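The values are calculated or read from the model by the stated rules, or taken from the named source; none is laboratory data. Predicted, not measured: the structure shown is a model, and the values here were computed from it. No Cβ is skipped: glycine too gets one built from the backbone with ideal geometry, and neighbour counts run over all protein chains shown.
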Ligand SMILES: [Zn+2]
Ligand SMILES: [Zn+2]
């Protein structure tokens with residue numbers, strides 16, 4: 001029996017427990033930083049199987065850290081478990097935590113049986129959808145001494161980590177002056193005009209941006225009544241890029257366009273960056289290769305017909321700190337496309353087929369970990385590629 005098949009066999013011995021945990025998380029969707037029950041279930045599972053768990057990790061009530069072994073080499077797995085407002089587990093994070101626990105327990109079990117030295121770290125990272133806890137977790141040195149890191153995300157099809165964009169969110173408020181819009185328009189300053197000019201400026205800017213850049217916004221405040229010149233209007237924008245160089249340029253330019261809109265209308269403005277943003281994901285090609293090989297061996301071949309990823313995730317910060325991948329496991333039973341962040345994705349994430357795919361994801365992730373821990377040449381190559 002091949003290594004990954006042996007790993008799958010170990011995962012299956014915990015299969016019923018992993019499925020029950022994932023189902024429980026699915027049934028009780030908790031939003032960013034409120035994943036109390038989901039976090040507790042994972043910590044209890046680990047303690048039950050003899051591991052020590054650091055709870056309230058990095059100052060987050062719903063983060064945890066668990067380690068097996070010591071020293072080097074070291075492999076890290078990250079878990080996610082937050083849900084989305086309105087559509088529950090429409091991003092399938094109930095499967096991410098199940099896959100992470102499965103990979104951790106299978107890999108450590110295999111290491112014990114075969115006397116393999118090294119360390120495996122499992123980090124429970126809350127609030128991927130909104131809040132990006134991995135930024136602080138990575139900055140705090142959580143990955144110091146780690147050779148490589150990984151997580152697996154559900155999708156409609158199994159594929160590689162094709163990267164993702166960096167992102168920064170801006171909340172903008174323009175302040176004008178209210179007046180009767182018809183009776184005394186000359187006494188007003190129209191804050192909504194500033195919002196409209198900001199959108200117009202951004203739409204003109206788009207054609208000068210690299211293909212991989214993205215910028216999209218919504219109006220959050222637009223006045224109270226048509227006969228009152230809006231004295232306050234607001235909008236929220238996401239600015240994204242494939243490179244940090246362009247992200248920095250875009251952040252600066254965005255602020256210039258805000259200033260321009262304010263100047264054109266006479267409104268004042270306030271810009272609040274939501275948080276530090278997250279970095280672009282840089283997939284380790286050699287890890288993608290092993291993932292592809294191992295998941296394929298388990299009968300879930302990788303679909304290579306997709307271009308570069310255009311979403312964003314705080315796992316980007318992980319991948320900029322150490323060699324890492326965030327590939328996808330297919331959970332669409334008839335292989336038809338299911339949109340991310342949808343009710344259909346939520347439904348698929350609670351089905352037996354998704355759980356069986358989760359087991360395969362665990363085994364293949366454990367196999368990537370095993371390669372990192374047991375092949376010094378591979379580690380060297382990973383390191384060399386990463387520093388390029
Ligand atoms: Zn999501
Ligand atoms: Zn997600």
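Determine whether residue 279 is more than 16 Å from ligand 2 (Cβ to nearest atom), closer than 21 Å to residue 380 by Cα and surrounded by 24 or more Cβ atoms within 10 Å (Cβ to Cβ).
For residue 279, the condition - more than 16 Å from ligand 2 (Cβ to nearest atom), closer than 21 Å to residue 380 by Cα and surrounded by 24 or more Cβ atoms within 10 Å (Cβ to Cβ) - is not met.
Condition check: away from ligand 1 (no atom under 16 Å from the Cβ) and buried (at least 18 other Cβ atoms within 10 Å of the Cβ). Does residue 334 satisfy that?
Against the criterion (away from ligand 1 (no atom under 16 Å from the Cβ) and buried (at least 18 other Cβ atoms within 10 Å of the Cβ)), residue 334 does not qualify.
Inside the stretch 136-200, counting only strands (runs of 3 or more DSSP E) that do not spill past its ends, which hold 3 or more residues that are touching a strand residue (DSSP E or B) at 6+ places or on another chain (Cβ under 7 Å), away from ligand 2 (no atom under 16 Å from the Cβ) and in contact (Cβ under 8 Å) with a residue 60 or more places away in the chain?
Per the criteria, 166-175.
I need a count of the residues in the stretch 1-51 that are out of contact with any strand residue (DSSP E or B) (no Cβ under 8 Å at 6 or more places or on another chain) and either part of a helix (DSSP H, G or I) or under 22 Å from residue 351 (Cβ atoms) (or both).
35
Restricting attention to strands (runs of 3 or more DSSP E) lying wholly within the stretch 53-124, give those where 3 or more residues are in contact (Cβ under 8 Å) with a residue 60 or more places away in the chain, under 21 Å from residue 152 (Cα atoms) and touching a strand residue (DSSP E or B) at 6+ places or on another chain (Cβ under 6 Å).
The strands (runs of 3 or more DSSP E) meeting that bar are 74-79, 119-124.
Please go through the stretch 103-127 and give me each residue that is within 16 Å of ligand 2 (Cβ to nearest atom) and surrounded by fewer than 24 Cβ atoms within 10 Å (Cβ to Cβ), ordered by number.
127
Of the residues that sit in the stretch 63-87 and are away from ligand 2 (no atom under 16 Å from the Cβ) and under 15 Å from residue 33 (Cα atoms), which one is farthest from the chain's Cα centre (by Cα)?
Step by step, filter the stretch 63-87, then rank; the result is 64.
Out of 358, 264, which single residue is within 15 Å of ligand 2 (Cβ to nearest atom) and either modelled with pLDDT of 95 or more or in a loop (DSSP other than H, G, I, E, B) (or both)?
The conditions single out 358.
With the structure loaded, tell me whether residue 378 is in contact (Cβ under 8 Å) with a residue 60 or more places away in the chain, in the same structural domain as residue 32 (by TED's automatic domain parsing) and more than 20 Å from the chain's Cα centre (by Cα) or whether it fails that test.
The answer is yes for residue 378.
Would you mind finding the one in 350, 340, 296 that is assigned to a helix (DSSP H, G or I) and either away from ligand 2 (no atom under 16 Å from the Cβ) or within 21 Å of the chain's Cα centre (by Cα) (or both)?
Being assigned to a helix (DSSP H, G or I) and either away from ligand 2 (no atom under 16 Å from the Cβ) or within 21 Å of the chain's Cα centre (by Cα) (or both) holds for just one of 350, 340, 296, which is 296.
With respect to residue 90, determine if the residue is more than 25 Å from residue 279 (Cα to Cα) and within 16 Å of ligand 2 (Cβ to nearest atom).
no
Taking only the stretch 66-89 into account, find how many residues are within 13 Å of ligand 1 (Cβ to nearest atom), farther than 18 Å from residue 326 by Cα and touching a helix residue (DSSP H, G or I) at 6+ places or on another chain (Cβ under 7 Å).
4
Here are the criteria: (1) within 30 Å of residue 6 (Cα to Cα); (2) touching a residue at least 12 places away in the same chain (Cβ under 8 Å); (3) surrounded by fewer than 21 Cβ atoms within 10 Å (Cβ to Cβ). Tell me which single one residue 296 does not satisfy.
Going through the list (1) within 30 Å of residue 6 (Cα to Cα); (2) touching a residue at least 12 places away in the same chain (Cβ under 8 Å); (3) surrounded by fewer than 21 Cβ atoms within 10 Å (Cβ to Cβ), residue 296 breaks only (2).
Answer yes or no as to whether residue 233 is buried (at least 21 other Cβ atoms within 10 Å of the Cβ), more than 26 Å from the chain's Cα centre (by Cα), in a helix (DSSP H, G or I) and in contact (Cβ under 8 Å) with a residue 60 or more places away in the chain.
Spelling it out, it is not the case that residue 233 is buried (at least 21 other Cβ atoms within 10 Å of the Cβ), more than 26 Å from the chain's Cα centre (by Cα), in a helix (DSSP H, G or I) and in contact (Cβ under 8 Å) with a residue 60 or more places away in the chain.
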